[in-house]
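The values are calculated or read from the model by the stated rules, or taken from the named source; none is laboratory data. Keep in mind that what you see is a predicted model, and the values were worked out from it rather than measured. Neighbour counts are summed over all protein chains in view; Cβ atoms, including those assigned to glycine, are modelled from backbone coordinates with ideal geometry. Note: accessible area is taken over every heavy atom of the protein model, side chains too, but ligands, DNA and RNA are not part of it. Shrake-Rupley method; radii C 1.70, N 1.55, O 1.52, S 1.80 Å.
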Amino acid sequence: MSSHAWRPVMVIVAVVIAGLVVRQMIIPRDFVAKNGNYKYQWHRLSNEEEWKRFEVKHLGRDFCKQCHPDKIETVADSGHQNVQCENCHVQFDPEKKGHKSIDLKADYKYALDIGIDRSRELCKRCHTKLKYRPDKYTLFSKGTIQFKLIDPEKHNPGVECVMCHDVHKTGFK
Amino acid sequence: MSLTRRELLKMGLLSICGAIIPLSALEVLKPEALASLIHPFSEKKRWAFVVDTTKCVGCGMCAKACKLENEIPFYADVQRTWVERYIQLKSGEVIIDSPKGARYGFTANDPQGRTDVSEDDITKGFFVPKLCNHCEKPSCVQVCPAGATYKTDDGVVLVDRKWCIGCGYCITNCPYFARFFHPVYNVADKCTFCYHRITKGMKTACVDACAFGVRKIGLINDPDSEVFKIITTQRVEVLKPEYGNEPHVFYIGLDHIVR
């Protein structure tokens, strides 16, 4: 074969080799098909560790207990025994954020915003009467109880629930 | 080499008989298959989820906890887990809604913002919490051209945020609509079964937040886990089994109107 035909062939070969070298450099070493499973497990192995290292934010009752053992005891005895503190006390609304005595984020490395929400909207999430809302509560430690449901239009509209109800004791004030 | 007519017929018939035995007929001799007859549940760790819809009151605390735990911007209309409300009227009409993914809960009888639905017209209604089904054969993983989404050995489907190119194939391919674009990272995002919590022996944020015992997570092969007990002793269903994804979120109390 004459030499003019070899030139483009050399160029193509060089491009392919360069491509392979760059590919080898970019793709991480641990990018493999785990268990030989290309269909479902072809991935960067270290990503599994990255997800495991993701920060845990909801720490549950045991965390709150460090400073508020009395509150935890009261709640554990009440109808709200299965409701986590964080369900009501973690705030997304900037106006309701704020933990009074200490800075939880700095002092306890606690990532969420704690605050007090006294709005009817919060209580209504569970306690609004809807025809299709289950009205029996089976998880209460003292047996199945009637789940308290009210019609927010008729049950003292315009008044905050906490005016009369003690949320931690689940009784009247 | 000479061959008689008798030998030709004999060997010919023999090879035809041999050829028509399907490969699958020999599979029973595989050691794993034999072992599975003795131990019906494999020893492999595999996470699964149970949702008891008969207990769900639609408070949406799960959706709220999930958003905050997993750093999904609270006011963005994307959810890793959400709660759907199904209402059937006397006319036969079915109304399905999930206002803001139920992160503020269901506080009024206003399906799809309608005020004309009177309680007397409703024949049945219920809430169905939804999340990623962590399928055994995830169709979202099959279509990823970048190798950015995968199934772990313990059955959890994850997305590699560094590797995702944001093409969105997985989002359109999930039959359960469990995937979305993360508004901050601009990559595909989905429920991880709180992989950072379950691998530390904790429960997922949504399970912890549920005061009604609707949600349960556990190892499907562990005889001590509640998930195992429910799946082996009660009648459970999965969503959209016709897709063949083998989803691993099992539901109690589904209905034919649930999609």
Completion exercise
So the angle from the long Cα axis of helix A:6-26 to the longest Cα principal axis of chain A, reported in degrees to the nearest 10, equals 30
Handout entry: Ranked packing of A:114-123, A:33-42, most packed first, by mean Cβ within 10 Å
Key = A:114-123, A:33-42
Completion exercise
Averaged over the residues of B:189-195, the number of partner chain Cβ atoms within 10 Å of each residue's own Cβ comes to 2
Handout entry: Debye log10 I(q)/I(0) for the protein assembly as shown, one point scatterer per Cα, at q = 0.10 Å⁻¹
Key = -0.81
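Calculated FRET efficiency, A:Ala18 and B:Lys200, Cβ-Cβ r, R0 56 Å, to nearest 0.05?
Working: r = 45 Å, r/R0 = 0.80.
That gives a FRET efficiency of 0.80.
Which FRET efficiency value, to the nearest 0.05, is calculated for B:Asn173 and A:Glu95 with the Förster distance at 41 angstrom and r the Cβ-Cβ distance?
Rounded to the nearest 0.05, the efficiency is 0.50.
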Problem - Net charge of neighbours whose Cβ lies under 13 Å from the Cβ of B:Tyr243, counting Lys and Arg as +1 and Asp and Glu as -1 - result: 0
Fill in the blank from the handout: Expected max-MSF residue from B:Gly12, B:Gly218, B:Gly147 in the GNM of chain B (alpha carbon, under 10 Å) is B:Gly12
Completion exercise
Between B:Gln142 and A:Ile145, the two model label points (7 Å from Cα along the beta-carbon direction) sit apart by a distance in nm of 5.0
Practice task
May I ask what percent, to the nearest 5, of DSSP beta bridges between residues of the protein assembly as shown are antiparallel?
Solution key: 85
Fill in the blank from the handout: Given a 1.4 Å probe, the accessible area of chain A per residue, as a whole number of Å², is 68
Completion exercise
To the nearest 20 debye, the stretch A:60-142 has a Cα-centred charge dipole, built from +1 on Lys and Arg Cβ and -1 on Asp and Glu Cβ, of 480
Handout entry: Added length on full extension, which subtracts the Cα-Cα distance from 0.36 nm per residue, B:Ala76 to B:Leu23
Key = 13.8 nm
Handout entry: Selected from A:Gly115, B:Gly113, B:Pro138, residue furthest toward positive end of dipole (the protein assembly as shown; charges at beta carbon)
Key = B:Pro138
Handout entry: Hits among lysines - C-alpha to C-alpha of A:Lys142 under 26 Å, sequence gap 8 or more where chains match
Key = A:Lys65, A:Lys71, A:Lys124, A:Lys129, A:Lys131, A:Lys169, A:Lys173, B:Lys55, B:Lys203, B:Lys216, B:Lys229
Handout entry: Point-charge dipole on Cβ atoms (K/R +1, D/E -1) for chain B, about Cα centre, debye to 20
Key = 620
Practice task
Just order B:208-216, A:164-172 by mean Cβ neighbour count inside 10 Å, highest at the front, would you?
Solution key: B:208-216, A:164-172
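Determine the sum of side-chain charges near A:Thr128: Lys and Arg each +1, Asp and Glu each -1, restricted to other residues whose C-beta is under 13 angstrom from that of A:Thr128.
Numbers: positive: A:Arg120, A:Lys124, A:Arg125, A:Lys129, A:Lys131, A:Arg133, A:Lys148, A:Lys154, B:Arg85; negative: A:Glu121, A:Asp135, A:Asp151, A:Glu153, B:Asp110, B:Glu119.
Cβ neighbours under 13 Å give a net charge of +3.
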Completion exercise
If amide H atoms are modeled at 1.01 Å from N in the peptide plane, then the residues at a separation of 5 or more from A:Tyr110, or on another chain, having amide H under 5 Å from its own are A:Lys105
Practice task
Give A:Lys34/A:Lys57; A:Lys109/A:Lys154; B:Lys45/B:Lys130; A:Lys96/B:Lys124 a once-over and call out the pairs whose C-alpha atoms are over 32 Å from each other.
Solution key: A:Lys109/A:Lys154; A:Lys96/B:Lys124
Exercise for the section: Could you bin all the Cα-Cα distances of the stretch B:138-259 into 10 Å bins starting at 0 and give me the percent of pairs in each, rounded to whole numbers? Expected result: 11, 38, 37, 13, 1
Completion exercise
Rounded to whole angstrom, the alpha-carbon centroid of the stretch B:203-238 lies from that of the stretch B:113-169 at a distance of 18
Exercise for the section: Find the Rg to Rh ratio for the stretch B:47-144, where Rh is the Kirkwood radius over alpha-carbon pairs and Rg uses the same atoms. Expected result: 1.03
Completion exercise
Of the accessible area of the protein assembly as shown, computed with a 1.4 Å probe and all protein chains kept, carbon and sulfur make up a percent value of 59
Exercise for the section: Assign unit charges at the C-beta atoms only (+1 for Lys and Arg, -1 for Asp and Glu), then state the dipole size of the stretch A:1-113 relative to its Cα centre in Debye, rounded to the nearest 20. Expected result: 800
Practice task
May I ask for the distance between the Cα centers of the stretch A:157-173 and the stretch A:1-52, given as a whole number of Å?
Solution key: 65
Exercise for the section: Could you check what % of the DSSP bridge pairs in chain B are antiparallel, to the nearest 5? Expected result: 85
